[in-house]
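Quick notes on the structure that follows.
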Amino acid sequence: MSKVRIVLVGGFLGAGKTTLITRLAKWHREQGRNVGIVTNDQATDLVDTQALRAEGFRVGEVAGSCFCCNFNGLADAVAELETHERPDVILAEPVGSCTDIVATVFQPLRHLYEDRFDVAPYGVILKPSHGRKILRNEARAGFSPNAAYIFRKQLEEADFVILNRIDELPTEQVEELAGLIGEGYPGVPVVRMSAKTGAGFDALRDVLDQQGNFGRRILDLDYDIYADGEAELGWLNSSLRVTAAVPFSLDDLTLNIVRHLQQALAADDAEPAHLKTIAISDGMHAVANLVSSDTPAALSHASRSDARAADVIVNARVAIDPQILEQRVQTVVQDVCRAMGAAPLFAQTQSFRPGRPNPTYRYAEAV
């Protein structure tokens with residue numbers, strides 16, 4: 001029996017991992033291949049999972065901990081996909097605040113499942129909005145040096161770096177970022193692309209199609225700094241039901257929530273790593289997101305539809321106390337719904353700081 005090809009795509013929160021995985025999944029499906037996807041988060045109620053399922057993909061979710069700290073959960077999710085989907089390829093994205101993926105995920109996959117899986121080169125997406133500031137060592141990069149440490153370590157363990165969002169950047173900034181990557185991580189290939197438009201997608205596929213002994217860049221990592229960097233972020237996943245007597249726009253609902261959250265967090269001087277909201281109704285869905293304080297909120301998937309009721313999920317990762325974050329989210333959602341003539345009913349909210357990483361496995365040397 002042929003091996004299942006596993007493609008992991010890493011990168012910081014808001015780098016564009018889900019957009020890229022969606023494009024990869026659609027391309028593989030067009031080639032007649034069965035595709036499975038595994039998402040990962042520190043809590044349940046993940047926007048990415050619902051958005052990918054809405055696109056018709058079978059998605060396994062490892063929730064409540066990262067792949068590295070719940071490797072068995074990843075293995076179980078993959079096994080479930082194999083049972084029901086019989087995939088030719090499985091696409092997976094680790095939590096965006098995690099690093100050390102090579103030692104804790106790649107190496108165990110290669111060693112413990114060498115007869116079942118064929119692991120593709122590990123690509124890490126560079127997030128331009130924060131990456132340019134961090135790689136230039138700017139004093140106000142948006143996050144503390146501990147969180148920036150995670151960002152840099154993610155790039156350090158990559159087989160290749162994906163310079164994303166080139167459609168949104170001036171040419172001189174693309175060149176500067178490519179130069180900064182070359183200076184900081186000499187010899188690491190760089191793929192320039194836009195996960196949104198597909199520019200550079202052929203080059204990405206060429207790299208991912210390579211065969212070889214990839215995933216061998218094991219980090220020298222200070223877990224104390226790593227843990228402090230993760231704990232800087234307030235983490236929130238909230239699910240709710242929005243209803244109204246008169247139809248409202250799903251697109252306006254999601255985008256207004258994100259826009260008003262951006263304004264509220266700016267008043268707190270709290271840097272967003274990623275805000276994302278999805279609204280689902282009668283098979284239609286809208287998704288809006290924000291990736292930094294100095295970039296605009298965007299409608300990443302438009303439904304162009306109205307509804308009297310919708311299921312909504314809000315995911316927020318922000319450098320702020322999680323209790324304050326929860327208060328801001330609830331206030332903003334209530335205000336936005338009221339302005340649209342709708343009423344929200346919160347079902348579940350989880351807000352916390354991520355705990356110290358405790359990997360299931362950690363390989364000190366590449367096998």
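Based on what the data block shows, is R165 more than 23 Å from R23 (Cβ to Cβ) and at pLDDT 95 or above? Considered against the rule, which asks whether it is more than 23 Å from R23 (Cβ to Cβ) and at pLDDT 95 or above, R165 comes out as no. Against the list (1) surrounded by fewer than 21 Cβ atoms within 10 Å (Cβ to Cβ); (2) among the hydroxyl-bearing types (S, T, Y); (3) at pLDDT 95 or above, the condition T44 fails is (3).
Just to be sure, is E30 touching a Ser or Thr at 6+ places or on another chain (Cβ under 7 Å) and acidic (D, E)? Criteria not met by E30. Of all positions in the stretch 71-84, none carries a residue that is outside the structural domain of L275 (by TED's automatic domain parsing), buried (at least 16 other Cβ atoms within 10 Å of the Cβ) and part of a loop (DSSP other than H, G, I, E, B).
The conditions of being in contact (Cβ under 8 Å) with a residue 40 or more places away in the chain and not in a strand (DSSP E or B) are not met by G32. Within the set F106, F67, F57, the sole residue that is without any contact (Cβ under 8 Å) to a residue 60 or more places away in the chain, of a type in the set (F, W, Y) and buried (at least 22 other Cβ atoms within 10 Å of the Cβ) turns out to be F67.
The set of residues from the stretch 250-270 being farther than 12 Å from R328 by Cα and out of contact with any strand residue (DSSP E or B) (no Cβ under 7 Å at 6 or more places or on another chain) comprises D252, N256, R259, D269.
Just to verify a result, which residue in the stretch 141-170, among those that are of a type in the set (D, E, K, R) and part of a loop (DSSP other than H, G, I, E, B), is surrounded by the fewest Cβ atoms within 10 Å (Cβ to Cβ)? Checking each candidate, the answer is D159.
The values are calculated or read from the model by the stated rules, or taken from the named source; none is laboratory data. On a predicted model such as this, the values are computed, not experimentally measured, just so you know. FYI the Cβ positions are ideal-geometry reconstructions off the backbone, even for glycines, and counts take in every protein chain you see.
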